[in-house]
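Have a look at the structure below, then the notes.
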Amino acid sequence: MAVEGADMRFTAELWKSIEATYAAILRHPFLTGLTDGSLPRESFQFYAVQDALYLREFARALSIAAARAPQEDWIIMFNEHAAGALKVERMLHESFFKEFGLSHKEVASTSLAPTNLAYTSYLLAVAYAAPFHEVIAALLPCYWIYWEVGKELERGGSPDPLYARWIGTYASTEFGSLVRAVLDATDATAAHLQEGERDAMRRHFLVTSRYEWMFWEMGYQQEAWSI
């Protein structure tokens, strides 16, 4: 697929490396169920609760990225994105929770599903221990894949108003502007690195892209702890 403004950039190479993963994401019944309206409400509710819990930890990782960012504009950007993850998207989730009859307390007290715990633990471990270029590469799929998915699903729309609202959030120009800024920061970061350092970015980007597929699988299956 064509990636806007990414020709001859490191991010274009990153995207090429996950083409098979992204194709699998688009084929996933969670996403096809959003567009044709067949996704069980129970699966979407499970996903929405887990996503709210995920965003809390993702915001922590963004805040750490901000603290370690080498440029002032990136410090501002990641701090703003951390706040947005907790405020703006919380509004979206809470509109869902109201329809589901769930209170904020009930959501906050829910345990992270195994995949959610593994994904957020990975992000936080990288954020705390790895250099900034690895951190931004690990964070990027959550931005970029959701944007691409949102745009792709919006072409077909959804007969379900709730699912259409979810799709519209990630297909929006507002969300796209956030993603473009992180893409630019990723390319600017990679431009000054040695090949071994770029290899580390590639590895993290691939791992967290795979976690994105696993997250939708987790929601679809309403994943629970085996014991």
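The values are calculated or read from the model by the stated rules, or taken from the named source; none is laboratory data. Computed from a predicted structure; not experimentally measured. Cβ sites come from the backbone with ideal geometry, for glycine too, and all protein chains shown count toward neighbours.
List of remarks:
- Filtered by the rule that a residue be among the hydroxyl-bearing types (Ser, Thr, Tyr) and either surrounded by 16 or more Cβ atoms within 10 Å (Cβ to Cβ) or outside any helix (DSSP H, G or I) (or both), the stretch 170-179 gives Tyr170, Ser172.
- Scope the stretch 39-81; condition charged (D, E, K, R) and over 18 Å from the mean Cα position of the chain (by Cα); matching residues: Arg41, Glu42, Arg68, Glu72, Asp73
- The condition of being out of contact with any Cys (no Cβ under 8 Å at 6 or more places or on another chain), within 27 Å of Gln221 (Cβ to Cβ) and either modelled with pLDDT under 95 or surrounded by fewer than 20 Cβ atoms within 10 Å (Cβ to Cβ) (or both) holds for only one of Gln45, Gln71, that being Gln45.
- One residue from Ala2, Ala52, Ala85, Ala20 being modelled with pLDDT of 95 or more and among the small types (Gly, Ala, Ser): Ala20
- Residue within the stretch 199-219 that is under 21 Å from Gln71 (Cα atoms) and at pLDDT below 95 present: no
- Listing of helices (runs of 4 or more DSSP H) fully contained in the stretch 62-152 that carry 2 or more residues being under 21 Å from Met214 (Cβ atoms): 72-100, 114-129
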